[in-house]
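The values are calculated or read from the model by the stated rules, or taken from the named source; none is laboratory data. All values reported here derive from a predicted model rather than from experimental measurement. Here Cβ is always computed from backbone atoms with ideal geometry, including for glycine, and neighbour counts include all displayed protein chains. Keep in mind that these areas ignore ligands, DNA and RNA; they rest on the heavy atoms of the full protein, side chains included. Shrake-Rupley method; radii C 1.70, N 1.55, O 1.52, S 1.80 Å.
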Amino acid sequence: MSRKYFWLTTILLVLALTLVACGGTAPTTEAPAEEEAATVEEAPAEGEATEEEAAPAADGANQLEFFSWWTAGGEADGLNAMYEVFKKEYPDIEIVNATVSGGAGSNAKAVLATRMQSGDPPDSFQVHAGHELIDTWVVADKMEPVTFLFEENGWLDVYPQGVIDILSYNGEIWSVPVNIHRSNVMWYNPAVFEANGLTAPTTFEEFFAAADTLKAAGVTPLALGDNGIWASTHLMETVLLGALGADGYRGLWTGETDWNSPEVTNALDTFAKMLDYVNEDHAALSWDQAAQMVVDGDAAMTIMGDWADGYFFSLGLTPGEDYGFAPTPNTDGTFMMLSDTFSLPKGAPHRDNAIKWLTLAGSREGQDAFNPVKGSISPRSDSDRSLYNAYLQSAMDAFASNEITPSLAHGAAASEGWVTAFNDIMTLFVTNRDVAATQAAMAQACVDAGICGQ
Amino acid sequence: MTTRFNPARFAVYFLLVLFALIFLIPVYVLLSSSFKTFAEVQDLSNMWGLPQGINLESFKAAWSGIPEKGLRGLAPNLANSFKLTIPATILSALLGSMNGYVLSKWKFRGSDVIFMLMLFGMFIPYQSVLVPLTITLSSIGLGGTLWGLILVHVIYGIPITTLIFRNYYAEVPNEMIEASRIDGAGFFGIYRHIMFPLSLPGFVVVIIWQFTNIWNEFLFAVTILQKPELQPITVALRNLSGSQIQEWNMIMAGAIIAAIPTLIVYIIMGRYFIRGLLAGSVKG
Amino acid sequence: MDSQTRHERWIAFLMLLPSIILLAIFVYGFIAWTGLVSVSKWDGIAPDYNFVGLKNYQQLFLKAIGGVSALRFHIGLWNTFFFTIFFLFICLLIGLSLAILLDQKVKGEGIFRTIYLFPMAISFVVTGVVWQWIFAPGTESRPRGVNALFSTLGLENLKWGWYTDPTSIGPFHIALIPVIIAAAWQMIGYTMAMYLAGLRAIPDDLREAGNVDGATNFGVYRHIILPLLKPITFSALIVLGHISLKIFDLIYTMTGKGPAFATDVPGIFMFETTFQGNHYAQGAAISMIMLIMVAFVIIPYLIFSFRQEVEL
């Protein structure tokens, strides 16, 4: 045995034992990690007492940990804008921006679920309004109601009843809505439309007629980027809405509309036909790459929620000139809605700070700082129109006057379990286009979700 | 030895070099992309080309992040990986050494069966213990903490460390032990004066093996450590590569940072690394 | 050893006891617990241990009951099957070839060995990241990775979607090909090291005996050496096989489940359905099936190894 290895081992052993000894008394070794992670003005005196869910601020640190999947682009900018407002008001509170990127929030949701499961909630987190909030978190008794915030701040008068309804369960309101997005928007390249003598189609017939013209002209009619499969679900929900109308569509999620009906068959046929007009490499692209195809003129249209407006905005494009927008075929007069909300989980370690944060998030000031940058509209009826661009102003008008339906792909219409099943169905449908099998699977998913009878 | 051209020898070298080049393609990709600027990686026509110069921008970005794009730096995660890997490695090596000693020199009735039952633990898909594990960890106050993950690695490291030490100690001749017994050494005396000093190379093998494995592990880390600031580098790297904005130069630099510690260990102590590898196939 | 006292034997057992208890709980106890979850109704964040029998398993296997879950699981099993077959075949074939080449008393053997083996020291996550870049198809007008290379070389018709192509030939998804390549890149060195160790353990006189008998170099390998390497092939099959049956990190990082589940495997399904869909019972059922698949390979191997040891 050589001396060299003796020394190596000894050194390694000593090193390790020192580390163990340093860690010595319980989980304080985390403290340095946290210090490095956040931009700290005041170093927290103690490590996070993560295991002590019952003792708010027991760690002595004056923090606010906000959890979201807004890591980049307009979303992150919007969140930062709100942070700035918060910092101005509460300079002593250190913000810990806990974000998890990727998969349109699906990674983040997995992380959040495990954190909540292990009794380690953040102070507040981003969650979609509707069934994602209620079925996943409220029913599982992981949330605190925030009705008192609505009462104290007079929010009951400025938030539309429809929004409050989907945040309510058992007579309480469970989350603070910070924005409204519209999902049923068709974005198009006006120059391409003009060159082919087209106007924005309003019905499926017009859509397919335009698509034929475009295809003949060598332009991809519809750009799709579904490498995150929710983009297919997203397209499907707009087709379902177009084929069934607002009431029929809403009924799908309450059991009142039959999933085996010919109207649903018709929607699936329409969707399958649309796939004939999309770019071949759609499975390799993300939604923003599909939007880029429209910008570049390689494709004429894409159907995406209005966060695409934020994307176009970040490219320096002007709405109405560089890109056009219209409701998706057959859905004029309906506003397919989704909403991001901020929540108050049970056992939030810094509950007081969370309440300050939520108060700001629900205020006009907070929302008008956040939304114009994020590329969404405020749910409040009293927001300052002049801060918003032309598209967002049109969205405000539509939101105020249209019928409102909940988005499936973004958690408003159905439980997360149902949405995951739907995504799985869509990933197969996009490939095999088997309408009968897909319809049967969709009907089955409704049964599994406990909404439709056997 | 002849210096004349020998086609068979040439074929051997040709194949070896060819495979070596193929094996090095990912290394080329890592190095060339990580030395590029963001503008350079955006230029897809030159994505396989060499960088215009040695640019360390991407390493800086990978190390300390790009806050305006919401991208976190990997430096804290690298520190976490060390804080996780070193204690877990040492603790599991010590445990394994003691177990190996007992199972090779103090066999009792049923000890082989117990050993076999222990070994099964290193082959199971960890998915089959994941949910009970997270529940248990949080109920004992270790959920979401680095210490919880250390405990997990120590426990699930027991089979392999025990195996390596048991096979290693089995080669120590019983006569040596008998001799020291005559000198009055007991259970611990034998361990301290004979087995432990003899087993230093064994420790090197086990430490290298566990270090590499724990450093590279992903599933436990991603399930148990949810806070981005606590996650080891493998998880942080995966989050970086899964994000919408693909800063490839930064991701590649991050991949290099994540790979370097284990690569250094491998290059310096490759011989022991291979021994650990081979020990993984049960029969040492 | 006869001189061991009763007292000392107890001490020895006590020293082993903590490990036994820990593994009993963390391996066997938790497996049993997962088994319990897999026959429960737990479907959501809050645990629900009401017994539902084999319903969760039926939903995975029977398309009539499970709908898309069953479809996805079937695809995942097929993918695992093809992945395992090709991965094992490539690793064994190239690993053995490289070992034999290195066994030809080549100069710079150490360097070659280091190059072939270094991927083993790297995390599957790093591997996934790099190969994701290499096989990313890009778009038609802006190709990336290997496709960009093909474009530059004028081989336009060789371009395809790689891991984003949902095409399947029978039950074989071609999107698995890039994943298999990445996995093989990582594990070939390991197989080579095993074979090389085996080759080095063969005494020289055996080879010389072959040479004296007038056998060609090839003949020596074919008739003398390869048969001696059988136990190594067996070990390699088991080790690589159990890795590929439970593969997760690499695919999760590199491709995820892929379009139409083209690169989905039970490990990813379990992770997503449990932690993203909150279907805890279904996730537990999947992991129990994974465990059973691995156990089928490992338990006979463990028993076999011990029998052999006892005989020695």
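Determine, yes or no, whether C:GLU140 is more than 7 Å from every other protein chain (Cβ to nearest Cβ) and free of Cβ contacts under 8 Å to residues at least 24 places away in the same chain.
Values: more than 7 Å from every other protein chain (Cβ to nearest Cβ): no; free of Cβ contacts under 8 Å to residues at least 24 places away in the same chain: yes.
No: the conditions fail for C:GLU140.
Modelled with pLDDT of 90 or more, closer than 30 Å to B:LYS107 by Cβ and among the small types (Gly, Ala, Ser), is that true of C:ALA295? Give the derivation first.
Working: modelled with pLDDT of 90 or more: yes; closer than 30 Å to B:LYS107 by Cβ: yes; among the small types (Gly, Ala, Ser): yes.
When the stated conditions are applied, C:ALA295 passes them.
Restricting to the stretch A:434-443, count the residues that are surrounded by fewer than 23 Cβ atoms within 10 Å (Cβ to Cβ) and in a helix (DSSP H, G or I). Steps first, answer last, please.
Residues of the stretch A:434-443 surrounded by fewer than 23 Cβ atoms within 10 Å (Cβ to Cβ): A:434-437, A:439-440, A:443.
Remaining after also requiring in a helix (DSSP H, G or I): A:435-437, A:439-440, A:443.
Looking only at that region, the number is 6.
Only one of A:PRO201, A:PRO145, A:PRO177, A:PRO160 is within 14 Å of A:ALA326 (Cβ to Cβ) and more than 14 Å from chain C (Cβ to nearest Cβ). Can you tell me which?
Numbers: A:PRO145 fails: within 14 Å of A:ALA326 (Cβ to Cβ); A:PRO177 fails: within 14 Å of A:ALA326 (Cβ to Cβ); A:PRO160 fails: within 14 Å of A:ALA326 (Cβ to Cβ).
Going through A:PRO201, A:PRO145, A:PRO177, A:PRO160 in turn, the sole match is A:PRO201.
Regarding the stretch C:75-91, can at least one residue be identified that is within 14 Å of chain B (Cβ to nearest Cβ), more than 29 Å from A:THR427 (Cβ to Cβ) and assigned to a helix (DSSP H, G or I)?
yes
Helices (runs of 4 or more DSSP H) wholly in the stretch C:175-277 with at least 1 residues that are under 20 Å from C:ALA121 (Cα atoms) - which ones? Explain how you work it out, then say what you get.
Numbers: elements: C:176-201, C:204-212, C:217-220, C:230-245, C:249-254, C:266-275.
Ranges flagged: C:176-201, C:230-245, C:249-254.
In the stretch B:203-221, how many residues are facing another protein chain (nearest Cβ under 8 Å) and part of a helix (DSSP H, G or I)?
Looking only at that region, the number is 7.
State all residues of the stretch C:12-46 that are within 8 Å of another protein chain (Cβ to nearest Cβ) and outside any helix (DSSP H, G or I); if no residue qualifies, say none.
If the condition is that a residue be within 8 Å of another protein chain (Cβ to nearest Cβ) and outside any helix (DSSP H, G or I), then C:ASP43, C:GLY44, C:ILE45, C:ALA46 are the ones that fit.
Within the stretch C:45-52, can one find any residue that is in contact with a Phe, Trp or Tyr (Cβ under 6 Å, 6 or more places away or on another chain) and modelled with pLDDT under 95?
Kept after step one, since they are in contact with a Phe, Trp or Tyr (Cβ under 6 Å, 6 or more places away or on another chain), are these residues of the stretch C:45-52: C:48.
If we keep only those that are modelled with pLDDT under 95 too, we end up with C:48.
Yes, the conditions are met somewhere in the stretch C:45-52.
Say whether the condition of being under 19 Å from A:ARG433 (Cβ atoms) and among the aliphatic types (A, V, I, L, M) is met by at least one residue in the stretch A:291-303.
Kept after step one, since they are under 19 Å from A:ARG433 (Cβ atoms), are these residues of the stretch A:291-303: A:303.
Next, from what is left, pick out any that are among the aliphatic types (A, V, I, L, M): A:303.
Yes, because at least one residue in the stretch A:291-303 is under 19 Å from A:ARG433 (Cβ atoms) and among the aliphatic types (A, V, I, L, M).
I'd like the full set of residues that are within 11 Å of chain A (Cβ to nearest Cβ), over 16 Å from the mean Cα position of the chain (by Cα) and among the aromatic types (Phe, Trp, Tyr), limited to the stretch B:71-130.
Across the stretch B:71-130, there are no qualifying residues.
Since C:TYR57 meets every condition but one in (1) of a type in the set (Phe, Trp, Tyr); (2) out of contact with any strand residue (DSSP E or B) (no Cβ under 7 Å at 6 or more places or on another chain); (3) open to solvent by 70 Å² or more (accessible area, probe 1.4 Å), which condition does it not meet?
Exception for C:TYR57: condition (3).
Any residue in the stretch C:106-114 that is open to solvent by less than 20 Å² (accessible area, probe 1.4 Å), of a type outside the set (A, V, I, L, M, F, W, C) and assigned to a helix (DSSP H, G or I)?
No: the stretch C:106-114 contains no residue that is open to solvent by less than 20 Å² (accessible area, probe 1.4 Å), of a type outside the set (A, V, I, L, M, F, W, C) and assigned to a helix (DSSP H, G or I).
May I ask you to verify whether B:THR145 is within 14 Å of chain A (Cβ to nearest Cβ) and open to solvent by 10 Å² or more (accessible area, probe 1.4 Å)? Reasoning before the result, please.
Working: within 14 Å of chain A (Cβ to nearest Cβ): yes; open to solvent by 10 Å² or more (accessible area, probe 1.4 Å): no.
Spelling it out, it is not the case that B:THR145 is within 14 Å of chain A (Cβ to nearest Cβ) and open to solvent by 10 Å² or more (accessible area, probe 1.4 Å).
Rundown of residues vs (1) in the same structural domain as A:TRP357 (by TED's automatic domain parsing); (2) open to solvent by 50 Å² or more (accessible area, probe 1.4 Å); (3) not hydroxyl-bearing (Ser, Thr, Tyr), yes/no style:
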position	(1), (2), (3)
A:ILE164	yes, no, yes
A:SER168	yes, no, no
A:SER175	yes, no, no
A:ASN189	no, no, yes
A:ASN196	no, no, yes
A:GLU205	no, yes, yes
A:ALA210	no, no, yes
A:THR220	no, no, no
A:GLY228	no, no, yes
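Run down A:SER124, A:SER101 and say which single residue is within 16 Å of the chain's Cα centre (by Cα), at pLDDT 95 or above and buried (at least 22 other Cβ atoms within 10 Å of the Cβ). Spell out the reasoning first.
On the way: A:SER101 fails: at pLDDT 95 or above.
After applying the criteria, what remains is A:SER124.
Consider C:GLU272 against the criteria (1) open to solvent by 10 Å² or more (accessible area, probe 1.4 Å); (2) touching a helix residue (DSSP H, G or I) at 6+ places or on another chain (Cβ under 6 Å); (3) within 8 Å of another protein chain (Cβ to nearest Cβ); (4) not hydroxyl-bearing (Ser, Thr, Tyr): it satisfies all of them except one. Which criterion is unmet?
Only one criterion in (1) open to solvent by 10 Å² or more (accessible area, probe 1.4 Å); (2) touching a helix residue (DSSP H, G or I) at 6+ places or on another chain (Cβ under 6 Å); (3) within 8 Å of another protein chain (Cβ to nearest Cβ); (4) not hydroxyl-bearing (Ser, Thr, Tyr) is unmet by C:GLU272, namely (2).
If I ask for residues that are of a type in the set (Ser, Thr, Tyr) and either at pLDDT 90 or above or open to solvent by less than 60 Å² (accessible area, probe 1.4 Å) (or both), which ones from the stretch C:188-235 would you list?
Here is the first cut: in the stretch C:188-235, the ones of a type in the set (Ser, Thr, Tyr) are C:190-191, C:195, C:216, C:221, C:233, C:235.
Across the stretch C:188-235, the qualifying residues are C:TYR190, C:THR191, C:TYR195, C:TYR221, C:THR233, C:SER235.
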